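Colleague: Pasting a structure here, questions to come.
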């Protein structure tokens, strides 16, 4: 007995040590493994200083930055060595030690308000290239004596104002967006202003503050211009295109190899068919499946471009799905970031922590893994891959219990990486396949590390096995844990069920219990067969040929029920005669 | 007793054959008449009876387009889709002939079931073109009798034995059955020369699914109370499926459904409201062994549903093709052929009980007749569990054991009459 306990303790200790070592190694390597590297934006960017008499401001034309109204202005750049004055323009590229933020300062004595006395006017222009070029949690700040008045875009909701590098607290500041409407806001004790729309920030903002002595300070702030649906957007899509290309090549090679293998092994007929045309006419019906596809596509578009419609209204919501928050134009944040970065989570304010856990709890109870089946962009990507295979009639890989057990192991490894890597100084984002998807569609140039390779694996595996990644997704598993509380449920009528196994074949998550369960708590006619893995995609209900055998329920009400005639209607005979009769009437 | 043509032409053999043919035709004709004489026969049923008449009375071959080879099958575990895809046509050879049973009695051991004895009788005599014309025979190894039958047929004909798993929950078993189907497909390709491509399989699945669509329609109509069609008529239609090309059967079935819909609209029902509603389950009821359904309806019962493999179950479960590829279709076929099957040859029997429970509810069944062919052990085993389950539901059940001869008809008549009266009395 004692020996056994000793052994168990040793085993646990060994496992923990092993995991730690693996985690550290993974964290170390994953960060340095490049898949696709964008060259330094500074190497492409150029800076022109134009004395054209316009207001002091920066504008962007692709990679070319122009400073307007520069006559008499001092131009500064933020470098690794601090603020540096720059005299000349950089027509070809910017020096490597630049950090991508520029400022220009000009002072004058003018009468701006027309009261007859001239005030000292300080005009500043500032720009941050990083906003769509790379990701930093907070934008750059000069905070030096050369720039007397400065705004810093701290996060996507807050601006902080500084006067002579000190926070400007309790000041009335006029904010003028590009459309010319004026608004007065008061800074708080930290010198911060909230509630400025992300859409206004894109167009360029002007902050004006009049000091008690009558001095006027204005700053024009410009982030890198909107790049969606331009040539630059296409270039941001490049890594994703590369991923798709590699995935297609992998799939083609795989199909070819399988064909050779089957021929060599002299397998019986059928297993070699690569592509085929379906001779039967396909009929399309509006159904649950249609709703799911529409929701998936709309939510993808909203998640990637949604902030263009609503600004940062929903920015506090942290949806627990893999829609990469590296894309700053997201409608909402993604819960995965904070969950896998405990250091960031616990360093943030209690309001944010509460918001995160609150959203998570609400999502888990209201939707559960419905989010996986309907909202997650990674799910859409895999479903598209699966549909491509269906259209080509290429044979997939049918998982049996043994293979699925292997996949479950991978899930636990992902789980440990997801929750644990933050503690050893790594980042799950280095592994995350979602990094290649939403940011690319949002026009966000993101260099990819190991995650790029993982995305290729996700696409290839998703092609041969529907929603393969969802089976190992740590986020989804965490979301599925409280499924007993969730309002969406899958119910089975064990009496009506003939246990034909169609649901098991159809299930992208390989949930076998749906068809094998014969008795459960309570009524055998409404057994709750929802499991942690169930993403409530409705495939099992769609493929169920028995009336009422399977049903999806919301708050106990059936919203989608299996129906034999619906199942069979693909094979209904064409009835042109009846139509004609109706026409005659 | 062999297939040797020289011996068969010998006068005693030939005489025996002629005697066999005329006798079995006479029995078949008698039962066909009795089916026809039942009141409320829909007109659209006539083609089905013609098919049965063509095969059993006129001793013709399967009803099909010319130059399509036929493949004989036993049990519902042989997917017809595979055979249609290969350009052949399946014929269900489970025999119900009393005449053939008498001959098979000499060949098979005493305790073998009459169905297998009838099949062996046909094989021995070498009569009935439906059996003779089969280019290949597929026998799923379901029960002991079928196992030995596969061996017996294998000595005389090109025969494929399909190994059916005895449990259905393990994925490995399922995958082995998929391999069996692949091997069967290869044999079919050897026979017809048509490879099992996705196109052909998909087309064949479309063919059978169209039939299943009509059958589903038919089942929906049948659930209406009171009865729209006599159970015996329904059994005849389902039996005819075994000897017809599926596209022809689909056409006849569509016409039948249309007529029944019309009858419902006109309020013409096939039975009165208060007839005891009876379900038959158990061993297969194969034409011409129609004594049980005929007796039920002649004794005033309404045969509302059946759960036998030559009846509803024969084509009830559609394949759910999830993966649109060759492998996907074969997996779907393998799944469909074994997993939902309520055949008691499998280890577990819970789902069979549930199935009956569901049918009792769907068809508002008031009594269950459990048909056991003498020697059909697996069905006999399940009777006890079924009795217990139905006892809980309060639905009466009787076990009716019978053989392929007419000696027990009177005894059966008394028991069924009593059972029908019991239900009637219980209702009052």
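Colleague: Given R₀ = 22 Å, what would the calculated FRET efficiency be for residue A:178 paired with residue A:113, taking r from the Cβ atoms and rounding to 0.05?
Modeller: In this case the efficiency is close to 0.45.
Colleague: Just to be sure I understand the model, the point goes 7 Å from the Cα along the line to the Cβ. What's the resulting residue A:80 to residue A:15 distance in nm?
Modeller: Modelled inter-label distance: 4.5 nm.
Colleague: Then there's this: How are the C-alpha pair distances of the stretch A:488-570 spread across 5 Å bins, as whole percents from the shortest bin up?
Modeller: Final binned percentages: 3, 18, 29, 29, 16, 4, 0, 0.
Colleague: Which residue fluctuates the most in chain B, going by a Gaussian network model with Cα springs under 10 Å, if the choices are B:352, B:170, B:336?
Modeller: Looking only at B:352, B:170, B:336, the biggest GNM fluctuation is shown by B:170.
Colleague: What is the gain in length, in nm to one decimal, between residue A:164 and residue A:8 on full extension, counting 0.36 nm per residue of separation less the C-alpha to C-alpha distance?
Modeller: 49.9 nm
Colleague: Mean shadow of the stretch A:417-476, computed from the convex hull of its alpha carbons, in nm²?
Modeller: Averaged projected area of the stretch A:417-476's Cα convex hull equals 4.5 nm².
Colleague: Once both axes come from the Cα atoms, what is the angle between helix A:401-420 and the longest principal axis of chain A, in degrees from 0 to 90, rounded to 10?
Modeller: On a 0 to 90 degree scale, this one is about 20.
Colleague: Under the definition of partner shielding as Cβ atoms of other protein chains within 10 Å of a residue Cβ, what is the mean value for peptide B:349-360?
Modeller: The shielding value for this peptide is 4.
Colleague: I would also like to ask the following. Using Cα pairs closer than 8 Å and at least 6 residues apart in sequence, work out the relative contact order for the stretch A:488-570, in percent.
Modeller: RCO, the stretch A:488-570: 36 percent.
Colleague: A further question follows. What percent does the relative contact order of the stretch B:5-427 come to when contacts are Cα pairs within less than 8 Å and at least six residues apart?
Modeller: Worked out over the stretch B:5-427, it gives 19 percent.
Colleague: Right, something else. Would you calculate, for chain A, the mean residue ellipticity at 222 nm contributed by helices, counting each DSSP H stretch of 4 or more residues as -39,500 (n - 2.57) and dividing by all residues, to the nearest 500?
Modeller: Helices in chain A give a 222 nm mean residue ellipticity of -11500 deg cm²/dmol.
Colleague: If you don't mind, there's one more thing I want to ask. Please state, rounded to one decimal and in Å, the Kirkwood hydrodynamic radius that the stretch B:271-333 gives when every pair of distinct Cα atoms enters the mean of 1/r.
Modeller: Over the stretch B:271-333, the inverse of the mean reciprocal pair distance is 14.0 Å.
Colleague: With the Cα gyration tensor of the stretch B:335-416 giving a ≥ b ≥ c as the square roots of its eigenvalues, does the rule (a/c under 1.5 for rounded; else a/b larger than b/c for prolate; else oblate) give rounded, prolate or oblate?
Modeller: oblate
Colleague: Take the Cα pairs of the stretch A:43-223, get the Kirkwood Rh, then feed it into Stokes-Einstein at 25 °C and 0.890 mPa s and tell me D in µm²/s.
Modeller: Result for D is 148 µm²/s.
Colleague: Mind checking the log10 I(q)/I(0) for the protein assembly as shown at q = 0.07, 0.09 Å⁻¹? Debye, one equal scatterer per Cα, no solvent, two decimals.
Modeller: One equal scatterer on each Cα of the protein assembly as shown leads to -0.74, -1.00.
Colleague: Rounded to two decimal places and with Rh computed the Kirkwood way over Cα pairs, what is Rg over Rh for chain A?
Modeller: Rg/Rh for chain A comes to 1.06.
Colleague: To the nearest 500 deg cm²/dmol, what mean residue ellipticity at 222 nm is calculated for chain B from DSSP H runs of n ≥ 4 alone, each contributing -39,500 (n - 2.57), summed and divided by the residues?
Modeller: Calculated mean residue ellipticity at 222 nm is -17500 deg cm²/dmol.
Colleague: How much length is gained on full extension from residue A:188 to residue A:407, taking 0.36 nm per residue of separation minus their Cα-Cα distance?
Modeller: 73.7 nm
Colleague: Further question: What FRET efficiency comes out for residue A:29 versus residue A:388 if R0 is 30 angstrom and r is the Cβ-Cβ distance? Round to the nearest 0.05.
Modeller: Once the sixth-power term is evaluated, E becomes 0.40.
Colleague: If contacts are Cα pairs under 8 angstrom and at least 6 residues apart, what is the relative contact order of chain A in percent?
Modeller: Computed over chain A, the figure is 12 percent.
Colleague: On to the next question. Go ahead and run the numbers for FRET between residue B:381 and residue A:252, Cβ-Cβ distance against an R0 of 41 Å, rounding to 0.05.
Modeller: Efficiency for this residue pair is about 0.15.
Colleague: Between residue A:263 and residue B:410, with labels modelled 7 Å along Cα→Cβ, what's the label distance in nm to one decimal, could you check?
Modeller: Distance between the two pseudo-spin positions: 7.3 nm.
Colleague: Same structure, new question: What angle do you read, to the nearest 10 degrees and between 0 and 90, between the alpha-carbon axis of helix A:2-32 and the longest principal axis of chain A?
Modeller: 50 degrees
Colleague: Please determine, in degrees from 0 to 90 and to the nearest 10, the orientation of helix A:350-366 with respect to the longest principal axis defined by the Cα atoms of chain A, where the helix direction is its Cα long axis.
Modeller: For helix A:350-366, the angle is close to 20 degrees.
Colleague: Checking a compactness column here: for the stretch B:5-427, what do you get for Rg(Cα) / (2.2 N^0.38 Å), N being the number of residues?
Modeller: Output field value: 0.94.
Colleague: Please report the antiparallel percentage of the DSSP beta bridges confined to chain A, to the nearest 5.
Modeller: Antiparallel bridges make up about 80 percent of those DSSP assigns within chain A.
Each reported figure results from applying straightforward, stated rules to the coordinates on display, with no laboratory input. Owing to the predicted nature of the structure, the values given are computational and were not obtained by experimental measurement. We place every Cβ from the backbone using ideal geometry, glycine too, and count neighbours over all the protein chains shown.
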